[in-house]
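Below is one structure, written out as structure tokens; the observations come after it.
The values are calculated or read from the model by the stated rules, or taken from the named source; none is laboratory data. None of these values were measured; they are calculated from a predicted model. Note: ideal-geometry Cβ built from the backbone for every residue, glycine included; neighbour counts use all protein chains shown. Note: areas computed on protein heavy atoms with side chains; ligands, DNA, RNA excluded. Shrake-Rupley method; radii C 1.70, N 1.55, O 1.52, S 1.80 Å.
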Amino acid sequence: MKKCKLIYNPHSGNKTFKFDLDICFSIFQQAGYEVHVFRTIQNGDIRQHILNMNTDYDFVVVSGGDGTINIVVNALIERGLDIPLGVIPSGTANDFAAFLDLKTGSVEEACQLIVHEKPKKIDIGLVNGQCFINVCAGGLFTNVSQNVDKDLKTALGSLSYYLKGIEQLANFRKIPFRITTEEKSIEENLYLFLVLNSAGTGGFNHIAPSASITDGMFDFVGIKAKPVIELPILFLKIFNGEFVKDSGVVYLKQKSFKIECLDKHFYETTIDGEKGPDMPLDISVLPKRLSIFGRF
């Protein structure tokens, strides 16, 4: 009999996925799959479970946000597995799922896609030995998702990130970075940088409109340090796809980056919204390394 593994985080988003479990069971069983479930209860248990589970599954499904997906992908790569991955977006931040054209809360739609469509190969990122699916970031605002209270996330969803971000406006300061690619090295004072695998993050899905998860490349977007009063006009350009063309943005498209912070007091980074490795960062692409279900 065909088998699938369903991994879910009961604390993701508004914590309602548990009420949708029967929908998942019904769709997968009707398609001929025996469903094996794993419910995460503490940090590290998803990784440990994947490292020890049987490998004869037709696909693995993960319900959660970007952070939960990241944990599953890292564990699959660590074990050297290439089992197709299905995503049911149920977190506060579902940027990667949005790029796959999966709507938050549409459990039935996501499950139907998994059983009726063929998985496709996509790129993933590698930074200092850790994988990321969507974004590696550093600078101001990047630690917002880590610092938002869980109850506030549940109550306000993505709005909680913006409210937390406003608190950081008083801390705006320029941060000197050196960005090195195979072609050149540049030094620039930035407020923040994003290395994107997909087109956006933080609920903004058109930061780098030409980004692709199948082209073997990353899109580097750095916001130059400039008067704060000019930033609202810059950010408005995200909505019309003109953001990366602005003179206030450093935009590069490459398959690898080395990013160094020239301020010895700044080291914090994030990957897929969770705490990332210390600077400097060595980032490279693993082309077509993951099989995933989605519309792209």
Query raised in the report: Under 20 Å from the Cα of K237, which lysines turn up, not counting those fewer than eight places away in the same chain?
Result: K224, K226, K245, K253
Query raised in the report: Between I186 and K3, what is the label-to-label distance in nm when each label sits 7 Å out along the Cα-to-Cβ direction?
Result: 5.1 nm
Report task. Compute the normalised compactness of region 1-103: alpha-carbon radius of gyration over 2.2 N^0.38 Å, N being the residue count. Result -> 1.01
**Report entry** Among Q130, Q112, Q30, residue whose mean-square fluctuation peaks in a GNM of the chain (springs only between Cα atoms under 10 Å)
**Finding:** Q30
Query raised in the report: List the lysines whose alpha-carbon lies under 26 Å from that of K118, not counting same-chain residues fewer than 8 positions away?
Result: K2, K3, K5, K103, K288
Query raised in the report: Over the Cα atoms of the chain, what Rg and Dmax result, in angstrom?
Result: 19.1, 62
Requested in this report: For L262 and I23, calculate 0.36 nm times their separation in residues minus their Cα-Cα distance, and state this gained length in nm to one decimal.
Outcome: 80.9 nm
Requested in this report: Give the Kirkwood hydrodynamic radius (Å, one decimal) of region 54-106, defined as one over the mean of 1/r across all pairs of different Cα atoms.
Outcome: 11.5 Å
Requested in this report: Provide the packing ranking of 183-195, 86-98, i.e. peptides ordered by the mean count of other C-beta atoms within 10 Å per residue, highest first.
Outcome: 86-98, 183-195
Report summary line: Taking Rh as the Kirkwood radius computed over alpha-carbon pairs of region 181-284 and applying Stokes-Einstein at 4 °C with viscosity 1.567 mPa s, one gets a diffusion coefficient in µm² s⁻¹ of 90 µm²/s
Report summary line: Here the net charge surrounding D272, from other residues whose Cβ is less than 9 Å away from its Cβ (Lys, Arg +1; Asp, Glu -1), is -3
Query raised in the report: What accessible area per residue comes out for the chain, rounded to a whole number of Å², with a 1.4 Å probe?
Result: 46 Å²
**Report entry** Crossing angle, helix 107-116 versus the chain [Cα axis fit, 0-90 degrees, rounded to tens]
**Finding:** 70 degrees
Query raised in the report: Got a sec to turn the phi values of region 258-263 into Karplus ³J(HN,Hα) couplings, 6.51 cos²θ - 1.76 cosθ + 1.60 with θ = phi - 60°, whole Hz, x for Gly and Pro?
Result: 10, 10, 10, 9, 8, 9
